Amino acid sequence: MDTQIPLPADAPIFDPRGFRLSPFEADLCARAQEFGARVLAPRAARWDREASFPTDNYDDMRREGWLGICIPKADGGMGADFRAYCLAAAEFGRHCGATALTWNMHVCSTLWTGLLTDDLEMDTATRALHHDRRKLHYENILRRGAIFSQPFSEGGAAAAGGVAFGTTATPVDGGFRINGKKIFASLSGHADYYGILCTEVHGAEKLSRRDTLYLAIPRDAPGVIVEGEWDPLGMRGTVSRNLVFRDVFVPVSAALMPPGLYFQAASRWPHMFMTLTPTYMGLAQAAHDFTLRYLRGEQPGAPPVKRRMYPTKQIALAEMRIMLEQTKALWFQAISEAGPDPSKEQMLRALAAQNTVMENAQAIAAKAVRTCGGQAMLKTLPLERIYRDSRCGSLMLPWTAELCVDRIGRDALYEKGETD
Ligand SMILES: Cc1cc2nc3c(=O)[nH]c(=O)nc-3n(C[C@H](O)[C@H](O)[C@H](O)COP(=O)(O)OP(=O)(O)OC[C@H]3O[C@@H](n4cnc5c(N)ncnc54)[C@H](O)[C@@H]3O)c2cc1C
């Protein structure tokens, strides 16, 4: 049963006029905000309480075309580019963090195979084959409503980009034999395909990150096992259990990207790792908006008591607003300059933006709890869920908040090839 009262329709997070959005972006964000308020917000408490997957949301997203947001228009999708997607996804995150985060895993299967690979190098025959395959992939989503997940974490150094993925793809007649284990596999048991990152085995050679493959494994393929409990602090609706692959066979056509392309993408299109941030940008806005409504005595589900006349509340809200504007400005700039072969400055900015969104979403939510007070953290209201969900952002590999700091410090102080 849905327990939370729907929120009143707010303006989109990024004012089209102020941020000079294109007409396409403005329309997309308005529709995402409307969908979030109408469909996602009223159900968000349920997925959180049950730690269950938001299947009903996906049914509605499928019906209203959101599964194809980054599929090119020529292929029947909405045709959103990187920035347009990020802006729309922030609107989803504002209303239901878990839905936005899982949706991101799905959307990456179209973004990476689409506009991202269009920017990368491959020979003509490889590109033609890739286009044929991705057309089928897109049809699978648009015609059959297929949902994709993106399990890459393994519990070791691979997800941080340090070493090759330990999940292996051994070439066999007509395809690959997959073996390995993924942890925190959002949508486990619910996605139709697991878009896994794994390493192609070349005989006795040491596994190499250059041989990373991106393969779509059907949920019901023999040898696929979902295991482990799922009862976490936040993002409970993501259902991020463990996935085990035991001698799972997939045909060569399961490759979502040609061999070597993931490695090229990770090196040349690094903003691809920023797609986890929109969810948390939305949560930061949600924590701020909740506080504003609450202090005005206008939060649905809470008594209509005004608290805005107290100077401490005004200062707290001002501080939240300052942090929110800083976060929005830096994030907007970073997603605006996403593209192939970023300069060192752009790279440092992307890492700074990632760190800022993930850390500030949690800081703003924590401040919201302290400012609004005891009644505001009851489970009948969304703030305590926003607080728990926002805690998860800085933990997400490969660009955890810590790893961003690590890289910014090192890369700012050292030029390529310099050592001490
Ligand atoms: C709600 C949720 C959903 C998720 N969904 C997915 C998903 O769909 N797919 C997926 O692949 N993963 C997913 N993840 C996993 C996530 O991306 C991380 O892989 C996971 O949180 C890492 O947990 P860990 O305990 O193994 O961290 P560890 O790898 O042990 O890292 C702990 C901390 O140490 C630091 N650290 C890690 N590696 C290094 C290093 N090489 N050098 C220096 N410091 C380092 C980092 O700051 C990190 O926060 C999800 C996580 C959460 C919380």
Along principal axes, Cα extents of region 117-222, largest first, whole Å: 38, 36, 30
Show the residues, 5+ positions off or on another chain, whose built amide H is closer than 5 Å to the amide H of residue 396. 401
Need the list of lysines near residue 344 for cross-linking: C-alpha distance under 21 angstrom, and skip anything on the same chain fewer than eight residues off. 416
The ³J(HN,Hα) series, computed from each phi in region 372-381 with the Karplus coefficients 6.51, -1.76 and 1.60 at θ = phi - 60°, rounded to the nearest Hz and given as x for glycine or proline, is 7, x, x, 5, 6, 9, 5, 6, 6, 10
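Rounded, prolate or oblate: pick one for region 300-420, where a ≥ b ≥ c are the square roots of the eigenvalues of its C-alpha gyration tensor, a/c under 1.5 means rounded, and failing that, prolate if a/b is larger than b/c, else oblate. Kindly include the intermediate steps, with their values, before the conclusion.
Values: a/c = 2.88, a/b = 2.45, b/c = 1.18.
In terms of gyration-tensor shape, prolate.
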Run the quick spin-label model on residue 20 and residue 131: label points 7 Å from Cα toward the beta carbon, then report their separation in nm to one decimal. 3.3 nm
When only C-alpha pairs under 8 Å and at least 6 residues apart count, what is the relative contact order of the chain, in percent? 16 percent
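How large is the helix-only mean residue ellipticity at 222 nm for the chain, computed as the sum of -39500 (n - 2.57) over DSSP H runs with n ≥ 4, divided by its residue count, in deg cm²/dmol to the nearest 500? List each step's numbers first, then the result.
Values: 12 runs with 184 residues, N = 420.
Helix contribution divided over all residues of the chain: -14500 deg cm²/dmol.
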Go from 0 up to the bin containing the longest alpha carbon distance in the chain, width 20 Å each, and give me the % of pairs per bin. 27, 58, 15, 1
Rounded to the nearest 10 degrees, the helix 41-50 long axis (Cα) sits at an angle to the longest Cα principal axis of the chain of 70 degrees
Sort region 1-153 into rounded, prolate or oblate with this rule: let a ≥ b ≥ c be the square roots of the eigenvalues of the Cα gyration tensor; rounded if a/c is under 1.5, and if a/c is not under 1.5, prolate when a/b is larger than b/c, oblate otherwise. oblate
Could you please put 411, 420 in sequence from largest to smallest accessible area, using a 1.4 Å probe? 420, 411
List, in order, the whole-Hz ³J(HN,Hα) value for each residue of region 15-22 obtained from phi through the Karplus relation with A = 6.51, B = -1.76, C = 1.60 and θ = phi - 60°; use x for Gly and Pro. 4, x, 6, x, 9, 6, 6, 6
Candidate cut points under chymotrypsin sites (Phe, Trp or Tyr not before Pro) in region 13-44, DSSP loop plus at most 16 other Cβ atoms within 10 Å of their own Cβ, are none
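Would you kindly state how much longer the chain becomes between residue 49 and residue 183 on full extension, computed as 0.36 nm times their sequence separation minus their alpha carbon distance, in nm to one decimal? Mind dumping the intermediate values first?
Numbers: separation 134, 0.36 × 134 = 48.24 nm, distance 2.20 nm.
Separation in residues times 0.36 nm, less the Cα-Cα distance, equals 46.0 nm.
In terms of the Cα gyration tensor, with a ≥ b ≥ c the square roots of its eigenvalues, is region 195-282 rounded because a/c is under 1.5, prolate because a/b exceeds b/c, or oblate? Numbers along the way, then the final one.
Numbers: a/c = 2.16, a/b = 1.18, b/c = 1.83.
Because a/c hits 1.5 or more and a/b fails to exceed b/c, region 195-282 counts as oblate.
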Would you give the gap between the C-alpha center of region 256-282 and the C-alpha center of region 39-116, rounded to a whole Å? 16 Å
Does anyone have the angle between helix 82-95 and the longest principal axis of the chain? Alpha-carbon axes, 0 to 90°, nearest 10? 50 degrees
At 1.4 Å probe size, with no ligands or nucleic acids counted, give the accessible surface of residue 413 in Å², nearest ten. 140 Å²
Span from the region 167-187 Cα centroid across to the region 363-420 one, whole angstrom: 31 Å
Relative to the first principal axis of the alpha-carbon coordinates of the chain, what is the inclination of helix 401-413, with its axis defined by its Cα atoms, in degrees from 0 to 90 and to the nearest 10? 70 degrees
In nm, to one decimal, how far is the residue 377 label point from the residue 336 one, both placed 7 Å along Cα→Cβ? 3.8 nm
Given the chain, longest segment not containing exposed loop trypsin sites (Lys or Arg not before Pro) (DSSP; at most 15 other Cβ within 10 Å): 21-142
Whole-Hz Karplus couplings 3J(HN,Hα) for region 243-249, θ = phi - 60° and coefficients 6.51, -1.76, 1.60, Gly and Pro as x, run 10, 10, 10, 10, 6, 7, 8
Residues of type lysines that residue 379 reaches as a straight line, Cα spacing below 21 Å, ignoring anything fewer than 8 places off in the same chain: 306, 367
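The values are calculated or read from the model by the stated rules, or taken from the named source; none is laboratory data. Please read all numbers here as calculations on a predicted model, not as lab measurements. Cβ coordinates were reconstructed from backbone atoms using ideal geometry, including for glycine residues, and neighbour counts include every protein chain displayed. Heads up: the accessible areas ignore ligands, DNA and RNA and are worked out on the full protein's heavy atoms, side chains in. Shrake-Rupley method; radii C 1.70, N 1.55, O 1.52, S 1.80 Å.
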